[in-house]
Structures are given as C-alpha cells and as structure tokens.
Amino acid sequence: IKDILNVDTTIAGISEDKINETEQRLGVEIPHALKLVYRYFGNDECFLKSNLEKISFLPLNKLYVEDNNLAYKIQGKKYAWGIDLEKMRLTYWAKDYGWYWEKDTIPFCEQSIIDISCFAISHMQTAMYSRLKGFSDTSKWPSEVAEQRYKDFFTRIPDLEYYGHTVFYNKEYKALAWFRGGQFNQDIMIGCDDRKFVDNFVKEFDLTKANYKIENGEVAKKKK
C-alpha cells in the first residue's frame, strides 16, 4: 500500500524509538502488523482516519490495554477494535457489553490492509460506491470474477481474500478499490484523485446508480 500510494514514511511514519516507548508504557509488545501501520502511516490522518465514517486508528500515545486486549481502533465512544494479546486474534468492544470475539473474524493483518485502503479512499478527490451485477458464475469466487472483469482498470493485491473482501489498485493513477463479494450482493468503492478514471469505470460497466460519496475532495451531501 505504501508503495502504491508513494508514501514517504520518514514523514508519514513514526520512528521505532517512539514505538518502543509506547511498548514500555503499555508493558506489552505491540504485534508486528500493527507496528507496521504506525511505522508507515502513524503521522498521517489520511491513513488513520476515515473521512466518511467516525472510525479511526488511535494515535500511538492513545493505545491502551484492557482485559488483555490491545485497543487500536475506535468508532466514537460506542465501539472499539483490539487484538487479544494471548491468542493474537481480532476482538471487539461495545459499550455496555465489553470485549468479545466472533468466530471466523477476519485476521488483523487483512483487516488493517482493508482499513488503510478504505481510509485512503475517503481522503481522495473522488470516491464512488456502487452495487454490482453479473457475478452469477458460482464456480468461482466473486473476487476472482472481479479480477478478470476489471483487469483493464485494476490489479488485485495478491493473496488478500477473506469472505469476499479484497483490495484492488492501479499504480499509474494511484487508485484504490475495496471489493466485497457476497453470496447475494457484490459492491465496490473506488477512490482516485483523477475524476476521469472513476467516471470511465462507471461508464464502462454501466453503473447507472453509482453513488459519488466524495467529489472534488468534498464529502457529498447525503440524498434525502
């Protein structure tokens, strides 16, 4: 992701010394995949905070440990995401409920890639969301069908596949796409600073009900 988006980690990232200081404060070792998030993107809100939803990674100095869960991401004051430091699996916290784990939860490594990609999309000049059609071939995973169908626009990140969730990119246009392919519905969100790239995708695949969530860098007003 950092290479696709040409991120200068000396500016966007946090030093190893600062990460080590946080580990000393917390009294635990931060899992490697989470260290990479802060090492590459820890000083850049484009990658740590969504411009479309009230979801964000916690700043490094706000990380905390509770009930052996390292909390790293929040949605307002009602929800949080964490990593179980004993079993190294993704956990959740809900107000008035506490920490819990769900079976078949996406691994943190994959979740962090999806989060960073979607957060980056939300800070681009143009972001479009649309439901998709034409994935009736049940002999293949929807993401495999999408990989072939959209190959003139995007390349799929290798090996990223979890319950139909995956990420596509275009290095030339610095575009990202989050794709979700379920049994009954498939959808995609695309972000790019070049409006024509997104428009051409919409036109090519006849996405007549495409919803432009960000236009000219501004979040579009919700339709009544």
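The values are calculated or read from the model by the stated rules, or taken from the named source; none is laboratory data. The structure presented is a predicted model; accordingly, all values stated were derived computationally and were not measured. Note: ideal-geometry Cβ built from the backbone for every residue, glycine included; neighbour counts use all protein chains shown. Surface accessibility is based on the protein's heavy atoms, side chains included, excluding ligands, DNA and RNA. Shrake-Rupley method; radii C 1.70, N 1.55, O 1.52, S 1.80 Å.
Counting other C-beta atoms within 10 Å, and keeping those with at most 14, which DSSP coil trypsin sites (Lys or Arg not before Pro) do you find in the range 108-168?
For trypsin sites (Lys or Arg not before Pro) across the range 108-168 that sit outside H, G, I, E and B with at most 14 neighbouring Cβ atoms in 10 Å, the list reads Lys133, Lys140, Lys151.
Based on the alpha-carbon gyration tensor of the range 22-102 and its eigenvalue square roots a ≥ b ≥ c, which shape applies: rounded if a/c is under 1.5, prolate if not and a/b is larger than b/c, or oblate?
It comes out oblate by the Cα gyration axes.
In whole percent, how big is the carbon plus sulfur part of the accessible area of the chain, probe 1.4 Å, protein atoms only?
With neighbouring chains kept in place, the figure for the chain is 46 percent.
Trypsin sites (Lys or Arg not before Pro), restricted to the range 28-101: which are DSSP loop and have at most 13 other Cβ atoms within 10 Å?
Within the range 28-101, the qualifying trypsin sites (Lys or Arg not before Pro) (loop, at most 13 other Cβ atoms within 10 Å) are Lys54, Lys77, Lys78, Lys87, Lys95.
Mean separation of Cα pairs under 8 Å and 6+ residues apart, divided by the residue count of the chain: what relative contact order is that in percent?
With pairs under 8 Å counted, the relative contact order is 17 percent.
If the reach is capped at under 14 angstrom between alpha carbons, list the aspartates and glutamates near Lys54, excluding any in the same chain fewer than eight residues apart.
By straight Cα distance, Lys54 reaches Glu45, Asp115.
For the range 172-202, run through the trypsin sites (Lys or Arg not before Pro) and keep only the ones in DSSP coil with at most 13 other Cβ atoms within 10 Å of their Cβ.
none
Whats the longest run of the chain with zero GluC sites (Glu not before Pro) that are DSSP loop and have at most 13 other Cβ atoms within 10 Å?
Longest stretch, sites excluded: 103-171.
Quick one: putting +1 on the C-beta of Lys and Arg, -1 on the C-beta of Asp and Glu, what dipole do you get for the chain around its Cα centre, in Debye to the nearest 20?
In debye, rounded to 20, the chain gives about 960.
Per residue, how much accessible surface does the range 48-89 expose to a 1.4 Å probe? Answer in Å², no decimals.
58 Å²
For Asp67, what accessible area in Å² do you get when you roll a 1.4 Å probe over the heavy atoms of the protein chains, rounding to the nearest 10?
Per-residue accessible area (Asp67): approximately 120 Å².
I'd like the accessible area for Trp93: 1.4 Å probe, protein heavy atoms, all chains in place, Å² to the nearest 10.
60 Å²
Hey, if we sort Tyr163, Tyr92 by accessible area with the 1.4 Å probe, largest down, what's the order?
Tyr163, Tyr92
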